[in-house]
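Let me begin by presenting the structure, written as structure tokens, before commenting on it.
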Amino acid sequence: MVRFLFTVTLGFVFFTRISAQTEQQSAYWTRLYAQISGSTPWEIHLEADERKEWGTNDHIQFITHASARRRLNTKWSVAPGASYSTVTGVPEYRLFQEAHMQWHLWSKWNIQQRIRVEERWFDQPNRATLRFRFRMRHRLQLNYSPWTWGIFKLSEEYLFHTDAFDQNRVYAAFEGRFSQKIAVEMGYLHIYQQRKGSTLESDIWRTTLLIRL
């Protein structure tokens with residue numbers, strides 16, 4: 001059954017890719033990610049992400065996330081959260097709920113999985129009501145830690161609205177740790193996004209400052 005669903009999903013994504021006009025975009029994202037933890041099972045995760053077009057520096061999107069994550073055991077954690085975003089001046093308000101799973105394969109390898117559902121409200125200019133969309137996300141990530149100060153990351157994520165495929169994200173990155181509290185991650189992200197009557201393929205360089213307190 002799982003193999004059947006996987007095959008259907010890939011077939012649907014392939015069909016949408018060959019049946020729509022494709023646009024290209026190059027961009028860079030600058031991100032700050034703060035993780036606050038202590039002796040309790042709870043952690044606070046805060047994120048701010050500025051996204052601009054490569055070369056022109058034109059603003060694409062600004063987005064922030066805040067979540068409270070609770071560790072259930074060594075493998076599982078869950079988190080409710082909220083986001084605020086602006087795209088070309090149009091605000092989006094978002095609530096989300098997610099589950100994280102982690103498995104250690106060998107001493108230097110582990111797999112992480114994230115399942116997230118999102119309730120999204122978009123501001124509509126000249127209208128008194130907000131437009132609502134529900135979205136589901138699934139991300140699978142492989143981490144390789146050859147050194148205590150460095151991690152290689154490879155991930156793929158699928159995003160679906162209830163009525164349509166949204167986007168596919170493939171990401172490769174390296175995280176270098178300067179201390180137990182400070183790290184910098186640099187990576188390449190490719191996004192394939194379905195739009196009305198067309199598709200958008202984005203090549204993105206993302207730089208993240210990671211702070212663990």
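The values are calculated or read from the model by the stated rules, or taken from the named source; none is laboratory data. All values reported here derive from a predicted model rather than from experimental measurement. A quick note on method: Cβ atoms are made from the backbone with ideal geometry, for glycine too, and the neighbour counts reach across all protein chains shown.
Which of the residues belonging to region 104-126 are part of a strand (DSSP E or B) and farther than 19 Å from residue 171 by Cβ? Show your work before the answer.
Quick first cut of region 104-126, residues part of a strand (DSSP E or B) only: 104, 109-122.
Those that are part of a strand (DSSP E or B) and farther than 19 Å from residue 171 by Cβ: 104, 117, 119, 120, 121, 122.
Any chance region 19-26 includes a residue that's modelled with pLDDT of 95 or more and in contact with a strand residue (DSSP E or B) (Cβ under 7 Å, 6 or more places away or on another chain)?
Our first condition is that a residue be modelled with pLDDT of 95 or more; within region 19-26, this holds for 26.
So of that shortlist, the ones also in contact with a strand residue (DSSP E or B) (Cβ under 7 Å, 6 or more places away or on another chain) come out as 26.
Taking every residue of region 19-26 in turn, at least one turns out to be modelled with pLDDT of 95 or more and in contact with a strand residue (DSSP E or B) (Cβ under 7 Å, 6 or more places away or on another chain).
Looking only at region 27-43, which residues are at pLDDT below 95 and small (Gly, Ala, Ser)?
Those that are at pLDDT below 95 and small (Gly, Ala, Ser): 37, 38, 39.
Mind listing just one residue for me: the one in region 188-213 that is in a strand (DSSP E or B) and of a type in the set (Gly, Ala, Ser) and, of those, modelled with the highest pLDDT?
Of region 188-213, the ones in a strand (DSSP E or B) are 188-195, 198-212.
Filter once more, keeping what is of a type in the set (Gly, Ala, Ser): 198, 202.
Numbers: 198: 84, 202: 97.
Checking each candidate, the answer is 202.
Inspect all residues belonging to region 133-141 and state whether any of them is touching a Phe, Trp or Tyr at 6+ places or on another chain (Cβ under 8 Å), at pLDDT below 95 and not basic (Lys, Arg).
no
Do we have any residue at all in region 84-94 that's loosely packed, with under 14 Cβ neighbours inside 10 Å and of a type in the set (Gly, Ala, Ser)?
Yes, some residue in region 84-94 is loosely packed, with under 14 Cβ neighbours inside 10 Å and of a type in the set (Gly, Ala, Ser).
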